[in-house]
Amino acid sequence: MRVLLVEDDPTLRQVIRRSLEDAGCRVDEAGDIAAGDHVWRIQSFDVVVLDLNLPHSGHALSGLGSGLALLRAARARGDRTPVLVLTARNRTSERIEGLNAGADDYLGKPFDLDELEARLRALVRRSQGTADHVQVGALALDRRARRILLHGELLQLPAREFEVLWELMTPAGRVVSKRELSVKLSDLDELLTENALEAFISRLRKRLVDSGVHIRTLRGLGYVLEEAR
């Protein structure tokens, strides 16, 4: 699960980031509207954690003075990434304002870190239409345990290969373009090149030989994971 965390409190941001990374998430962070807007526009995320009270930093959105400006701007350009709003403002009217602006869930401060993670995973499952367990032939993905099994045995994979296979299985049968994979698996300071992606796909194909499952290339479209015929 790739998460964008937009929170101005550096201490809280660090605590949330460490908790989510310990749970197996990849987290990019921003501390104000300008940074949040920039990262959100150039990267693809599974879910966004958004604080409402953000520094203005002289950004074009600063006139509205809150994370709601960032959320409204994303929705206005057609970005449907699930968003969980964090705020110390816990009045009903403010929760309604956030939901009306396009938020998918709302969590008041202080909050439990385990609850935050559970809510984020629920938002991602709902947006991707996937369950906790995904099965493709003899290949099984356990999203909660963050593991992939082949014929009931744990499939040991390097981190990047695991991420590629995870994306191909959420949900299974979906055609995933090279660009989508590259963007989702790139860090802000490290771009996953097309050649590197093809190398990961090649290694995964070798691991899946005789498994009854294979990765098919659809020319001009991308890749799809399916049962071999």
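Using the Kirkwood radius over C-alpha pairs as Rh, can you work out the diffusion coefficient of region 147-229 via Stokes-Einstein at 25 °C, viscosity 0.890 mPa s, in µm² per second?
187
Which one, (1) 48, 36, 31; (2) 61, 42, 37; (3) 58, 32, 29, gives Cα extents along the principal axes in Å as derived from the coordinates shown?
Only one listed value fits the structure, namely (3).
Which of Leu20, Gly173, Gln156 sits closest to the plus end of the dipole of the chain, meaning its Cα is farthest towards the positive end, when Lys and Arg get +1 and Asp and Glu get -1 on the C-beta?
Gly173
Which one, Leu86, Met1, Leu52, is farthest towards the positive end of the dipole of the chain when Lys and Arg carry +1 and Asp and Glu -1 on their Cβ?
It is Met1.
Could you please state how large a percent of the accessible area of region 118-229 is carbon and sulfur, counting protein chains only and using a 1.4 Å probe?
Accessible surface attributable to carbon and sulfur in region 118-229 totals 49 percent.
Suppose all protein chains stay in the model; what accessible area per residue would a 1.4 Å probe give for the chain, in Å²?
Using a 1.4 Å probe on heavy atoms only, each residue of the chain averages 49 Å².
Once the Cα atoms of helix 113-128 and of the chain are each reduced to a long axis, what angle between those two axes, in degrees from 0 to 90 to the nearest 10, is obtained?
Value to nearest ten degrees: 60.
Taking just the alpha carbons, could you work out the radius of gyration and Dmax for region 108-179, both in angstroms?
According to the Cα coordinates of region 108-179, Rg and Dmax are 13.9, 44 Å.
Where nothing but the Cβ of Lys and Arg (+1) and of Asp and Glu (-1) is charged, how large is the charge dipole of region 113-216 around its Cα centre, in debye to the nearest 20?
360
Place a +1 charge on the Cβ of each Lys and Arg in the chain and a -1 charge on the Cβ of each Asp and Glu, then give the dipole magnitude about the Cα centre in debye, rounded to the nearest 20.
It comes to approximately 760 debye.
The values are calculated or read from the model by the stated rules, or taken from the named source; none is laboratory data. Keep in mind that what you see is a predicted model, and the values were worked out from it rather than measured. Quick reminder, even Gly has a Cβ in these numbers, built from the backbone with ideal geometry, and neighbours come from all protein chains shown. Each accessible area value is taken on the protein alone, full model and side chains, heavy atoms only, with ligands, DNA and RNA left out. Shrake-Rupley method; radii C 1.70, N 1.55, O 1.52, S 1.80 Å.
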